[in-house]
Amino acid sequence: MHLLEQRIREEGVVKKGNVLKVDSFLNHRIDIRLLDAIGEEFHRLFSDAGVTKIVTIEASGISVAVMAARYFDVPVVFAKKSKTAQLDSDVYSARIHSFTHNNDYTAIISRKYLSSEDTVLVIDDFLANGEAVRGLREILREAGATLAGVGIVIEKGFQGGGDRLRAEGVHVESLALVDSMNAETGEISFR
Ligand code: G4P
């Protein structure tokens with residue numbers, strides 16, 4: 001998506017440890033016009049998939065999921081992050097490891113809000129190693145829900161998560177796919 005790549009080039013800051021900061025439009029201040037265009041693009045890409053629900057993880061995925069959901073006219077369900085291992089029986093859960101933050105958490109979704117009747121589009125702001133998507137797929141499997149596909153705003157292609165999903169036959173659409181980035185020069189190249 002040209003508009004998004006342009007914003008990343010203009011405002012993205014490459015940090016050490018392969019982290020791309022996009023706080024000015026996605027992760028801190030939110031540009032609602034850009035996010036609206038992103039939501040519309042996800043709808044164009046997945047309009048034939050019979051989506052009944054959009055699923056994401058708190059926190060940054062929520063704004064993107066909500067903007068997309070307006071076009072699909074379906075509810076958003078976001079997985080909550082829980083630090084405790086003690087869980088109620090009325091939730092689906094998956095343990096997720098974040099390589100970026102080097103911590104673990106349990107993602108939970110209430111059984112009330114996801115079922116085998118659902119065809120789910122998973123949406124997130126970033127795809128790096130694919131751990132968050134792996135965890136959400138585990139929850140979808142537990143619920144018996146169908147995965148329509150995965151929509152990502154920014155994929156860091158060099159971390160391999162997206163290609164692993166594609167190799168498994170998952171329909172992954174990333175609106176900006178970063179191939180490489182350099183913390184010293186600030187250079188970012190797209191696939
Ligand atoms: P993975 O799910 O693809 O394996 O990614 P990873 O565990 O490494 O990412 C963990 C968190 O870091 C996620 O947010 C993800 O969105 C974010 N993240 C990963 N790479 C980048 C990056 O280059 N730039 C930015 N800005 N974020 C990145 P989270 O822990 O769920 O936090 P949040 O959604 O509450 O902000």
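For Val91, nonlocal amide neighbours, meaning residues 5 or more places apart or on other chains whose placed amide H falls under 5 Å from its own, are Arg111. Within straight-line reach of Lys21, meaning a Cα separation under 16 Å, sit the following aspartates and glutamates at least 8 residues removed in sequence or on another chain: Glu5, Glu10, Glu11, Asp31, Asp124, Asp125, Glu155, Asp179, Glu184, Glu187. Which entries of Lys16/Lys81; Lys16/Lys83; Lys53/Lys112 show an alpha-carbon separation above 21 angstrom in the structure shown? Pairs exceeding the cut-off: Lys16/Lys81; Lys16/Lys83. Rounded to two decimals, the Cα radius of gyration of the stretch 28-134 over 2.2 N^0.38 Å is 1.10. Just to be sure I understand: of the beta bridges DSSP finds with both ends in the chain, what percent are antiparallel, rounded to 5? Around 45 percent antiparallel, to the nearest 5. The distance separating the Cα centre of the stretch 88-161 from that of the stretch 21-79 comes to 15 Å. Mind checking which lysines have their C-alpha under 19 Å from Lys15, skipping anything on the same chain fewer than 8 residues away? In chain and number order, the partners are Lys156. With R₀ set to 45 Å, the beta-carbon distance separating Leu3 from Ser116 gives a calculated FRET efficiency near 0.75.
With both residues required to sit in the stretch 87-182, DSSP beta bridges show an antiparallel share near 35%. Hydrophobic, long helices, defined as DSSP H runs whose alpha-carbon span along the helix axis is 15 Å or greater and whose mean Kyte-Doolittle value is at least 1.0, occur in the chain at 61-72. Rounded to the nearest 500, the 222 nm mean residue ellipticity of the chain from helices alone is -9000 deg cm²/dmol, with -39,500 (n - 2.57) taken per DSSP H run of at least 4 residues. The Asp36 and Ser89 beta-carbon pair, evaluated with R₀ = 45 Å, returns a calculated FRET efficiency of approximately 0.70. Put simply, the chain fits an ellipsoid with semi-axes of 26, 19, 15 Å; these come from the alpha carbon gyration tensor as the roots of five times its eigenvalues, largest first.
Any read-out appearing in this document is the output of simple, stated calculations on the displayed coordinates, not a laboratory observation. Values in this document were obtained by computation on a predicted structure and should not be read as measured data. Methodologically, a virtual Cβ is constructed for each residue, glycine included, from the backbone with ideal geometry; neighbour enumeration extends over all protein chains shown.
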